[in-house]
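First the structure, in the form of structure tokens, and then the observations on it.
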Amino acid sequence: MVSGGNPNLVPEKANTLVAGFVYQPSFVDGLSLSADWYKLDISDSISSLGAQRIVNDCFSGASPQLCSQVNRNAEGLLGRVFNTFLNVAQYRLRGIDYEASYQTETNFFDNMEESINIRALAGYQAVNMDVPYGATTGTDVSGTVDNPDLTGNVSITYNLGPYSAQVQQRYIAGGIINPNFIEGVDVDDNTVESYQTTNLRLGYNAETQTGATWSLGFNITNLLDEAPPRIAGFELQGGNNQVVHNNYDWMGRRYQVSFNMNF
């Protein structure tokens, strides 16, 4: 097998289209809403397929153009396979990102500066598809454990003079393990449950007589100690064991104290 570069490569080409809007209604002071839609198409994506894939797709007729990467010896037997970088695929991505924020001053305590800030972020992935070499379409992996189709994050921050408190909620939609799995054949249960965690942060900010500033923070990650969904390890680790995907918090509740000073 020969691997390496390829002087015949052409540049990858990307067509990106983005459209969005921001709305700040005059009748609700401090409220801002926005949405951004995006469409991404990449052609002539550069990658290497691997020697076995090149041989299989050449001799099966799936991608006859790959036969130029295969050499036979004088007896007609397989000789060398050139696993060089090729312009092999297309990539398609579609989705929408949302954001909503609201900030207002409150007056629960006299003679103290107060404010509440609420911010919500959400991302919806409609299409995430890699089109293999020689094909016209591919498998849409949006909604899988690797690429959840909906994620969200909501945070509420309350400031009272030098004190602050923030509660943050993170959400990952449920989905499937693998779009190519047949439930009951490849895996008993191809679904993954939705997952959410809660984080808490308490803070205090102050200034010294010399003008230096310092802050003290106390964080609790995964406040409610939510266990992540268990996923069959057939595809992810090559066995029938259960695994925890990196998208989820597998460490459980934990605490952190931080101190920062600028002078």
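Accessible area per residue for the chain is 63 Å², calculated with a 1.4 Å probe on protein heavy atoms, without ligands, DNA or RNA. Translational diffusion of the range 1-151, estimated by Stokes-Einstein from the Kirkwood radius over alpha carbon pairs at 20 °C in a medium of 1.002 mPa s, is 108 µm² per second. Of the whole protein surface, Ser142 contributes about 30 Å² of accessible area at a 1.4 Å probe radius. Counting Cα-Cα pairs of the chain in 5 Å increments starting at 0 gives whole-percent bin shares of 1, 5, 8, 9, 10, 11, 12, 11, 9, 7, 6, 4, 3, 2, 1, 1, 0, 0, 0. To the nearest 10 degrees, how steeply does helix 51-60 sit against the main Cα axis of the chain, on a 0 to 90 scale? Tilt relative to the chain: about 50 degrees. Ordered from longest to shortest, the equivalent ellipsoid semi-axes for the range 42-109 are 55, 12, 9 Å, each the square root of 5 times a Cα gyration tensor eigenvalue.
Between the beta carbons of Thr213 and Ala122, assuming R0 = 25 Å, the FRET efficiency works out to 0.15 to the nearest 0.05. The order of Glu105, Glu75 by accessible area, most exposed first and with a 1.4 Å probe, is Glu105, Glu75. Solvent-accessible surface (1.4 Å probe) assigned to Ser68 amounts to roughly 90 Å². Sorting 247-257, 29-39 by their mean Cβ neighbour count within 10 Å, with the most densely packed peptide first, gives 29-39, 247-257.
Each Lys or Arg adds one and each Asp or Glu takes one away; over the other residues whose Cβ falls under 12 Å from the Cβ of Ile172, this sums to -4. Taking the accessible area of the chain, probe 1.4 Å, and keeping the other protein chains in place, the carbon and sulfur fraction comes to 51%.
Accessible area ranking (1.4 Å probe, heavy atoms, ligands and nucleic acids excluded), largest first, for Asp57, Asp130, Asp97, Asp188: Asp188, Asp130, Asp97, Asp57.
The values are calculated or read from the model by the stated rules, or taken from the named source; none is laboratory data. The shown structure was predicted, so the numbers you read here are calculated from the model rather than taken from an experiment. A quick note on method: Cβ atoms are made from the backbone with ideal geometry, for glycine too, and the neighbour counts reach across all protein chains shown. Heads up: the accessible areas ignore ligands, DNA and RNA and are worked out on the full protein's heavy atoms, side chains in. Shrake-Rupley method; radii C 1.70, N 1.55, O 1.52, S 1.80 Å.
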